[in-house]
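The values are calculated or read from the model by the stated rules, or taken from the named source; none is laboratory data. Everything quoted here is computed from the prediction, not taken from an experiment. Every residue, glycine as well, gets a Cβ built from its backbone with ideal geometry; the counts of neighbours run over all protein chains shown. These area figures cover heavy atoms from the full protein model, side chains too; ligands, DNA and RNA do not enter into them. Shrake-Rupley method; radii C 1.70, N 1.55, O 1.52, S 1.80 Å.
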Amino acid sequence: TELRPLDILSEAAPAGALARGVRVLQAQGVRGLQLSASRPRALRFPASRLFVHCDRFPEEFSIIVTLRALRAPAQHNEYIFTLMLEESPGVLLGLRYAPDKLHFLFWSQERAGGCQTHVTFPNVSLADSQWHTLILAVSGQSFSLTVDCSVPKDVVVETPFPASLSVRRANFYLGNRRRRKGVFTGLLRQLVLLPGADATPRICHAVNLKVATLSIPSVLQDVPAKPVSNEVLKYPYETDMKVTLGARPRCSMQEKAQFWFNASRRGLYLCNGSSWVSMLEVKHRLDYVEEYQNLVTNTESMGVEVFTIPRVGLFAAVAGRASPPGSAIYRWADGKFVHYQNIPTYQAQAWKYFTIGKKIFLAVANFEQNERGQEFSVIYKWSRRKEKFITYQRITTHSARDWEAFVIEGEAFLAVVNHREGNNHNIDSVIYRWNPRTGLFETNQTIPTSGAYDWEFFTIGPYSFLAVANTFNGTSTKIYSHIYIWLSGSFQLFQSILTFGAADWEVFHIGDRVFLAVANSHSYDSRMPAPSNFYAINSSIYELNITAQMFVKFQDLLTYSALDWEFFSVGDDSFLVVANSFDGFTFSMNSIIYRWQGYEGFVAAHQLPTVGCRDWEAFHTAEGSYLFYSSAKEPLSKVLKLKTT
């Protein structure tokens, strides 16, 4: 056989002659064939159409498959293709998958009468309604599977692939094994046999590895042939269109061609593979900010977390400074936040809402010990029966300031910022990994920090980062804060940035640009003369420089003991609001909203009177957009409404 790609799918789906029941569908911006509505025997063709000069299957080869498999029951198996003799019910060669396995089957004559060998690749998750490209390379007893050009999975079996497998009077069957049971229900885009070679180097150079192609049928190509005069396009296709509601979802190549409807903005957006493009929107511009609600809290508050529990509603968890009375959760009802639940906390600093599967959690960072002298931060779980948060797991912490929850490669993590232990500020902060077997968070990694205040997790392309805001090392606030990158199963140092009592990191995107803003709270060094004002210092915005592979300073903004940044947008405009808390004389400060002005950077646009401002949260409802700020100096938080034109 010549060493050229043999396009099995094109043989079964020839130009202009699709079998009855075969449909061309588009999902996530990529076209594929849906085969499940067709009769099994309609999706066959004789092997002699591929093996013209020789009726032997190649001894060494690769099979390349691009598919989108639907979620299926645990024990459900579906066939991608089979090769079967006309007179026999047995499978000469085939490929099938289960929700977490891939099986390659072949017939061997090594034993008397012949036998079928199963080569199984475990922990292969294909049934997730996402596109995947598989490369199966076969050579003797060695079988190698590469999924989306990741690290190959290698299997060696006792029975080698036959050196002389006859395909005389055999037929290829697409998406079935000549019967309805086990029919492939997803979309198939590519099925190619490459004799005599490992196809991985030929495939794994594409930009989008999940849909990398060697050969696909003309009916699935992105640009169909131009019609002559008024002739209708030969290959009309249906699109698997999905409209997402609620908060801004992710937009990547997986979501390409999907729609998002933003009810608060009355806008419809299309994902182009990297960002949401407005298709239909009532354009809003921020005009002014008005006081909307004065929320009397149990005590002064150190932070606020606004979140939505699906099918329940919008909530705000306020971290109470004093204990008792502790912290409280408020629910949005009739356009206002109303008290919903009290939770005992101990000088709580921050709340973090997150989910794992269908489980809903809320973690609090406690700064001081409880009545028994124990120092715990606590994870609470939402009880659907009680419609309350109940205690789930206690974790030993040391003057905890913040929690950050994130997911990497399908695994859930929770990172705590430990501020100090006694008078020692140079201690470890801890990253915990969720153990699905025990249902608990377990220590995964420790990272040295110095009086740390905040974690910020973010992703850029395939890379995951975690930035820590180091505040004080025992003698100075002029110290380095660090950005870590996830490599080989742990976080490793990526970049260090000099900060001054850093209290918060905020990452945000404007178009294709990635920014990271630090809130510097004060400048103090016991070894240096005191400055004229410890608290009037610059906070800085850094931008990712792709070429240099580092964040470089973009802009300095004068702030007054800044404790938090919050990024938000109104219409096409982007904003940053800073929590100015103290200027050395008073806690009654103007916190500033900065508007993005392109080449000018961020320019002050609105001054908001605040008292001991500690934290900002932006949120949206069907009625409009809001800012929520917590005060560390009075038991009163405020909700401000963004008035637009």
Accessible area, probe 1.4 Å, largest first, for residues M253, M528: M528, M253
Average accessible surface area per residue within the stretch 312-401, 1.4 Å rolling probe, Å²: 45 Å²
Accessible area per residue for the stretch 6-220 in Å², computed with a 1.4 Å probe and the full protein assembly in place, what is it? 41 Å²
Rounded, prolate or oblate: which fits the stretch 521-608 when a ≥ b ≥ c are the square roots of the eigenvalues of the alpha-carbon gyration tensor, with rounded for a/c under 1.5 and prolate only if a/b beats b/c? oblate
Taking only protein heavy atoms and a 1.4 Å probe, the highest-to-lowest accessible-area order of V312, V52, V119 is V52, V312, V119
With every protein chain in place, what's the accessible area of M550 (1.4 Å probe, Å², nearest 10)? 80 Å²
Please report, in Å, the Rg and the Dmax of the stretch 425-466, where both are computed over Cα atoms only. 12.9, 35
Accessible-area value, Y292, 1.4 Å probe, nucleic acids and ligands omitted, Å²: 60 Å²
Determine the shape class of the stretch 6-220: with a ≥ b ≥ c the square roots of the Cα gyration tensor eigenvalues, call it rounded for a/c under 1.5, and otherwise prolate if a/b is greater than b/c, oblate otherwise. rounded
Give the separation of the Cα centroids, the stretch 131-190 to the stretch 423-486, in Å. 44 Å
Above-threshold pairs, the threshold being 29 Å between Cα atoms, out of K358/K638; K101/K181; K101/K358: K358/K638
Of all C-alpha pairs within the chain, those more than 49 angstrom apart amount in percent to 28 percent
State the extension gain, in nm to one decimal, for the chain segment bounded by N545 and R71, taking 0.36 nm per residue of separation less the distance between their alpha-carbons. 166.7 nm
Ignoring ligands, DNA and RNA, how do H522, H606 rank by accessible area with a 1.4 Å probe, largest first? H522, H606
Taking only protein heavy atoms into account and a 1.4 Å probe, give the accessible area per residue of the stretch 582-645 in Å². 42 Å²
Length released on extending from Q374 to V151, taking residue separation times 0.36 nm less the Cα-Cα span: 75.7 nm
Projected onto the charge dipole of the chain (+1 at Lys/Arg Cβ, -1 at Asp/Glu Cβ, origin at the Cα centre), which of N473, N580, T438 gives the Cα projection farthest towards the positive end? T438
Dipole size in debye (nearest 20) for the stretch 493-645 around its Cα centre, Lys and Arg Cβ +1, Asp and Glu Cβ -1? 240 debye
Given unit charges at Cβ for Lys, Arg (+) and Asp, Glu (-), the dipole magnitude of the chain about its Cα centre in debye, nearest 20, is 2640 debye
What is the distance in Å between the Cα centres of the stretch 62-108 and the stretch 510-586? 56 Å
Per the helix-only calculation at 222 nm, which mean residue ellipticity applies to the chain, given -39500 (n - 2.57) for every DSSP H run of n ≥ 4 and division by its residues, nearest 500 deg cm²/dmol? 0 deg cm²/dmol
SASA check, Y173, accessible area w/ 1.4 Å probe, all protein chains in place, rounded to nearest 10 Å², comes out at 0 Å²
Among L214, S88, L6, pick out the residue whose Cα is farthest towards the positive end of the charge dipole of the stretch 6-220, where Lys and Arg carry +1 and Asp and Glu carry -1 on C-beta, about the Cα centre. S88
Within-13-Å neighbourhood charge of A363 [Cβ basis; K, R +1; D, E -1]: +2
Net charge within 10 Å of Y629 by Cβ-Cβ distance, Lys/Arg positive one each and Asp/Glu negative one each, not counting Y629 itself? -2
Carbon and sulfur %, accessible surface of the chain computed with the full protein complex present, 1.4 Å: 50 percent
Per the Kirkwood formula over distinct C-alpha pairs, the hydrodynamic radius of the stretch 55-150 in angstrom is 14.4 Å
